[in-house]
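I have placed the structure first, in the form of structure tokens, so that the comments after it can refer back to it.
The values are calculated or read from the model by the stated rules, or taken from the named source; none is laboratory data. Treat the numbers as computed from the prediction; the structure is a model and nothing was measured. Methodologically, a virtual Cβ is constructed for each residue, glycine included, from the backbone with ideal geometry; neighbour enumeration extends over all protein chains shown. SASA here: full protein model, heavy atoms, side chains in, ligands and nucleic acids out. Shrake-Rupley method; radii C 1.70, N 1.55, O 1.52, S 1.80 Å.
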Amino acid sequence: MQSEKQDPVNYYVGIDVGTASVRAALVDQFGMIVAHADQPIQIWEPQPDHYEQSSDDIWAACCTVTKKIIQGVDVARIRGLGFDATCSLVVVDKQFQPLAVNYEGK
């Protein structure tokens, strides 16, 4: 019996930055979810009805979930990356370092 050689599978990464967590999924070329992960992000409320988040914390969560979903995958087979961060905004200085946009300036 002759065995057929299977073509390698391609993958796509989707990352969604939400209000309370970052989620990621690894999807194969057939549209099947191969892996998924989520990581909470911290929210501060320094005064009533005023919420803050850390861009460093959000980026770290993005890296964490991405590393989790690609474990054991040949990264050369990843063909695309989609990012959704509708409500996230990071203001940076000339050195691309985050700047605070809160009352305290921290």
Checklist entry - Any idea what angle helix 55-69 forms with the longest principal axis of the chain, computed on alpha-carbon atoms, 0 to 90 degrees, nearest 10? => result 10
Checklist entry - Roughly what % antiparallel, to the nearest 5, for the DSSP beta bridges in the chain? => result 75
Checklist outcome for this item: Dividing the mean separation of Cα pairs under 8 Å (6+ apart) by the residue count of the chain yields a relative contact order in percent of 29
Next on the checklist: If I compute solvent accessible area with a 1.4 Å probe over the protein chains, what percent of it on region 8-87 is carbon and sulfur?
Outcome noted: 55
Next on the checklist: What is the ratio of the Cα radius of gyration of region 16-69 to 2.2 N^0.38 Å, with N the residue count, to two decimals?
Outcome noted: 1.37
Checklist outcome for this item: Between Ala100 and Gln71, the two model label points (7 Å from Cα along the beta-carbon direction) sit apart by a distance in nm of 3.6
Checklist outcome for this item: On the formula 1/(1 + (r/R0)^6), with r taken between the Cβ atoms of Gln29 and Lys5 and R0 of 22 Å, the FRET efficiency rounded to 0.05 is 0.85
Next on the checklist: What number comes out for accessible area per residue over the chain if the probe is 1.4 Å? Units Å², please.
Outcome noted: 77
Next on the checklist: Please compute the volume of the convex hull spanned by the alpha-carbon atoms of the chain and report it per residue in Å³.
Outcome noted: 120
Checklist outcome for this item: Taking Lys and Arg as +1 and Asp and Glu as -1, residues besides Gln39 with C-beta under 9 Å from its C-beta add up to +1
